[in-house]
Structures are given as C-alpha cells and as structure tokens.
Amino acid sequence: MAEHPDRRHCCLGWDFSTQQVKVVAVDTKLDIIYEDSVHFDRDLPEFGTQGGVHLHKDRLTVTSPVLMWVKALDMVLEKMKASGFDFSQVLALSGAGQAWLCLQQQHGSVYWKAGASLALRDLSPDRSLYQQLQMCFSISDCPVWMDSSSTAQCHQLEAAVGGARVLSQLTGSRAYERFTGNQIAKVYQENPEAYSQTERISLVSSFAASLFLGSYSPIDYSDGSGMNLLQIQDKVWSQACLLACAPNLEEKLGPPVLPCSVLGNISSYYVQRYGFSPECPLVTFTGDNPASLAGMRLDEGDIAVSLGTSDTLFLWLQEPTPALEGHIFCNPVDPRHYMALLCFKNGSLMREKIRDESASGSWREFSKALQSTEMGNGGNLGFYFDVMEITPEMSGRHRFNAENQEVAAFPGDVEIRALIEGQFMAKRIHAESLGYQVMPKTKILATGGASHNADILQVLADVFGASVYITDTASSACVGSAYRAFHGLAGGVDMPFSEVVKSAPKARLAATPNPGAAQVYQALLPRYAKLEQRILSQKQSL
C-alpha cells in the first residue's frame, strides 16, 4: 500500500526493470515519501509474460512487449493520481532502464517506427499513452538483457574491429550477446524490413525518458557504454562498431550525452493530464546498474559488493584498464571517471553447499569455523566453482596446501575459510586487473543475503583492507534516479554528486580490518592469482 505523500517538494526516480515499473518520490531532505509500482505478470496478465519476458522456443531469444511498458507507466501514474499525489511539487525526475545487478550491464532496445516522433509530440491529455502509441513501434516484442541469441553477431563484431581484446579496449567490454549493438545487428540481419522502418532506436532508459519528454531522448554515456558501440574514452559512437552492426545506425541512435544532462521540461501531456509543473525538468535516464551506483552513493575508490545467488562488484575507477573479463562503463555521476562491474556466478549457492557439507547445514557452525580459523588459513587456498564461473572461466573444486600442492580435501573448518577467503581474494584480484586500487578512504558497501553474516563481512574487510558498511538497497535504482534528478537540478557536472547526497541516510559500519590483515593477504593474493592461472593453463592444455 503506497504511503500518502506529504505536500512537499520532491524528485521522482523511475525504474523500468525486467519485472515491473517502479517509482519513488524523494524529498529535499532525501527521505522517501512515496513509492508505488506495477508488476507486469500480476498486473498486466494480458501480455502473457513470465518474469516480465517472453522466452522463445529456441530458449535463447528473450523479448518483452514494448506496449506493456507503456501501459505500466499509465497505470503507475493513475495510481499516484488516485492516491492524491501532488505532481505540482515535483522539482525534477530521472529514471533507469533494465539491466540486472547480478549479471552484466545489459539492455533492452526499442524500435520507433517512422512517424512516431509526431505521435509523441502531439499526445492528447484526454487519452492514455497506451491508446495513442499503438502504432509507433516497428518491433512489438523487443530483445531484452536475458536474450542470448546473437552469438554470430558477437563474432562478427569482434572480427570487424580486430578481436575481443581490441573491442574491450575500445568499448569497455568484449562482445556479449546481451549487449545492444549485437541485438541491433541481429534485428537488421533477420528483419531488415523492420529495421528500415525504424527512425530511432532507444535503450529502455532513453525510451522511458522519451515518453516523459514528448520527443526522442538521447542515450547517456553511462548506459550507452554497455552497448559494445561507444568509445568509452572519447564518449562517441565507434564508427567501426556501427558499421559492423547495421547501416545508418548513428542516425538512428542520435548523439550520446552526459549522464547528468537536463534534457528539457516534461511534455505538456503530463502537465495537463496529471498536474506536473510545466517547468519540471527531466535529467537523463540511465541503466539500472549506473543508477544503483548512484543510489548506493559510491565515491571514488569505493566498492559495492552484492552477495547474492551470484556475487557482483561495482567499482568506482579513475583510470580503467579494460580486460577480457568484466566490464568498464562511463561513470553515471562523474563523467571524468568510470565504473566497473564484475560478476561471479558461484556466490550464495556455493556458500550454502559448503555450509551443508562442512557445517551440518548450520550458519552458526559456519560462522564458528570462520571465528576459530586464523587469517590466511595456514596457507591453505581453495577454488570452488560447482557451475562454470564467469570470472575466471573455470569450473570444479581445487584445494592447495601451503606448499602449493593440490590436495583432495580440507578439514571442515579449513574448507569454510578457504571458500570465503578464496571468493574475496578472487574479487580483489580481478578488480585490480581492471585498474582498481584500494585507497585509504575506500569503503565497501555490502548488500545481498550474505551481508547479514558478520563473520563473512569480517573476512571481506580483512581481504580488501577496508571497512565494510551495510545499508538497505532494495530500491537503489529508483532512489539513485531521484538522487540524479537532484544532481541535475544542482548543476550536474559543476556540482560534486557527493555534495548533493550528503544528507542521505548513512550506511551502518559492519566490520573493520583486523590488525595484521594487510600483511597476511599481501602475501596470499599473488599466490592465489598464480594458482588460478595454473588451473586455467591445465584446463586449456586438456
């Protein structure tokens, strides 16, 4: 049940995610005063989605109906109106479009049919968006982040620019099926008529912004850098990548813009239908992951660690070094800097398996094992990948004693510490390979299920040599979008983001590094990295 808002100034943060459209209102004290949502499967059953998507027969193609997103926006706005929400108090708004925190930075893409810009411009306040935009899309079911059907196009793109490493240096990532450039290439190759009828291609983020703006919104640098199309250093579309994907693509994408740009004022449609102020500005929408970075208020040198089914690292980088593993993106709140994302598949499910095997299924016994074993685990190191890992690309369980000899088993308490230390050493090693460096002011913000275990967080603090904090990030993309709206109002690039959000609720300190931790792990980290390479080399030689 939505909380009735106080009549005070606020900014709106929107999130067009995989399973729902959600909005929060954040007041000038940075407190959430309203939130609401529409869940696609539950509230819009006529579109026949499961988990917000359509999974096709090949089990690789995954799409979502674009008009479902349009109708969901109508429904959220009507719910807000019915609750008595005072739209005239909205100072600015921004938003985010789908990706998924536990996977790579990915997007859906939306294909506007020729003439759709006129329909956007001439919206009648007497009718819903859904009623008026029926004929505006050349593709009705749009590819989304879960789609993995563009393998051929990925190979073509990498070959066109000189290989995966060259593409990574250029765009921040090697070619991924879910990245939008490769999805566009597939649309062009398999449905050339629809592509030729398309006058504009949006990401879900810029599509959502276009609905509010009443004209086509540009793609921002941060969301655009997850497309395999943007040169992350120069902040321009790569001509080589565009040519490899489809003809006339630059014209259909439009020029990219700064993440904190003010795009203009809200369309008169929303002024007349809902009572927004005609002076209410829109700040560029971005992706879920960049918006979450803003919502968690990361600063230079900080890390966010999501400890869920998969483990994910967000990193704030000053000087990135793109690699074949992981992803580099333009920073959503400081265009001079960058953000990185690393995903590790073997997260909480692996921790639960070792808990069941070595601690009788008890988290209490699991924690006791971490408390009773010393930092560094007597030199014993472990690699635990029951499913094929992303970072690094390997599988299986591998245990090494202090002499670097592979052994078949560890005692239960040693096994538990080897798992947790190994997971966090891998995260630090691969973060540093992307250019990350732990700084004296570094903070680690931990989220996800395992962030409730104080002993796991203690190992995290020890391995990284930095204090660990926890906070509620359930609506981080929405809240981050509202923060970005305030940032745009305050001047964007001319105002440090940290100044804008300094009064936001503070994270809670959960762990600080133990004395001597730095010396222990400075010795172990190079060993762990060499053993990882040994395992990879052995597998490649088979």
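The values are calculated or read from the model by the stated rules, or taken from the named source; none is laboratory data. What you are looking at is a predicted structure, and each value in this text was computed from that prediction instead of being measured. Every residue, glycine among them, receives a Cβ derived from its backbone with ideal geometry; neighbour counts consider all protein chains shown. Please note that ligands, DNA and RNA were not included when accessible areas were found on the heavy atoms of the full protein model with its side chains. Shrake-Rupley method; radii C 1.70, N 1.55, O 1.52, S 1.80 Å.
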message = Accessible area per residue for the chain in Å², computed with a 1.4 Å probe and the full protein assembly in place, what is it?
response = 38 Å²
For the chain, with +1 on Lys and Arg beta carbons and -1 on Asp and Glu, the positive-most of T512, L133, N248 along the dipole = T512
message = Cut-off 12 Å, label point 7 angstrom out along Cα-to-Cβ of Q233: give me the residues of segment 166-205 whose amide nitrogen falls inside.
response = 169-172
ask   = Just the accessible area for I32, please: 1.4 Å probe, Å², rounded to the nearest 10?
value = 70 Å²
request  = Treating only the Cβ atoms of Lys and Arg (+1) and Asp and Glu (-1) as charged, compute the dipole magnitude of the chain about its Cα centre; round to the nearest 20 debye.
outcome  = 260 debye
message = Tell me the carbon and sulfur percent of the accessible area for the chain, rounded to whole percent, probe radius 1.4 Å.
response = 50 percent
ask   = Which of the peptides 517-524, 445-452 is most tightly packed, and how do the rest follow, going by the mean number of other Cβ atoms within 10 Å of each residue?
value = 445-452, 517-524
inquiry  = Between helix 348-358 and the chain, what is the angle of the helix's C-alpha long axis to the longest principal axis, kept within 0 to 90° and rounded to the nearest 10?
reply    = 30 degrees
Amide hydrogen neighbours beyond the local backbone of I390, cut-off 5 Å, H modeled = K345, N346
query = In a shell of Cβ-Cβ distance under 14 Å around S128, excluding S128 itself, what net charge do Lys and Arg (+1) and Asp and Glu (-1) give?
reply = +2
query = Taking amide H positions as placed 1.01 Å from N in the peptide plane, with prolines and chain starts having none, which residues 5 or more places from S238, or on another chain, fall under 5 Å of its amide H?
reply = L230, Q231
request  = State, in angstrom, two size descriptors of segment 488-535 derived from its alpha carbons: Rg to one decimal place and Dmax to the nearest whole number.
outcome  = 20.1, 52
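Please give me the summed charge of the neighbours of A304: other residues whose Cβ is under 12 Å from its Cβ, Lys and Arg +1, Asp and Glu -1.
0
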key: For T309, solvent-accessible area (1.4 Å; no DNA, RNA or ligand), Å²   = 90 Å²
query = Assuming R0 = 45 Å, what is the FRET efficiency of M135 and S372, from their Cβ-Cβ distance, to the nearest 0.05?
reply = 0.10
query = If you place +1 on the Cβ of every Lys and Arg, -1 on the Cβ of every Asp and Glu, and leave all else neutral, what size is the dipole of segment 10-284 about its Cα centre, to the nearest 20 Debye?
reply = 280 debye
Placed amide H near H327: partners under 5 Å, 5+ positions off or other chain = L341
note = Taking every other residue with Cβ under 12 Å from the Cβ of I420 and scoring Lys and Arg +1, Asp and Glu -1, one gets -2
request  = For n ≥ 4 DSSP H runs only, could you compute -39500 (n - 2.57) per run for the chain, divide by its residues and tell me the 222 nm figure to the nearest 500?
outcome  = -11000 deg cm²/dmol
request  = Give a residue-ordered list of calculated ³J(HN,Hα) values for segment 12-18 (Karplus: 6.51 cos²θ - 1.76 cosθ + 1.60, θ = phi - 60°; whole Hz; x for Gly, Pro).
outcome  = 9, x, 10, 9, 8, 9, 5
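With respect to the cross-link table entries K29/K443; K29/K81; K29/K506; K368/K506, which display a Cα-Cα separation exceeding 20 Å?
K29/K443; K29/K81; K368/K506
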message = Considering all alpha-carbon pairs of the chain, what whole percent are spaced by more than 45 angstrom?
response = 15 percent
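Highest mean first, how do 83-90, 314-321 rank when packing is the count of other Cβ atoms within 10 Å averaged over residues?
314-321, 83-90
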ask   = Quick one: of the DSSP bridges fully inside the chain, what percent are antiparallel, nearest 5?
value = 75 percent
inquiry  = Using only Cα atoms and rounding to the nearest 10 degrees, what angle (0 to 90) does helix 204-213 make with the longest principal axis of the chain?
reply    = 30 degrees
ask   = Which whole-Hz ³J(HN,Hα) couplings does segment 65-73 yield from phi under the Karplus relation 6.51 cos²θ - 1.76 cosθ + 1.60, θ = phi - 60°, glycine and proline marked x?
value = x, 5, 5, 5, 5, 5, 5, 4, 5
message = I need the phi-derived Karplus couplings for segment 385-402: 6.51 cos²θ - 1.76 cosθ + 1.60, θ = phi - 60°, integer Hz, Gly and Pro marked x.
response = 10, 6, 10, 3, 7, 8, 10, x, 7, 7, 9, x, 10, 9, 10, 10, 7, 5
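Given +1 on the Cβ of Lys and Arg, -1 on the Cβ of Asp and Glu, and no further charges, what dipole in debye does segment 174-325 carry about its Cα centre, rounded to the nearest 20?
380 debye
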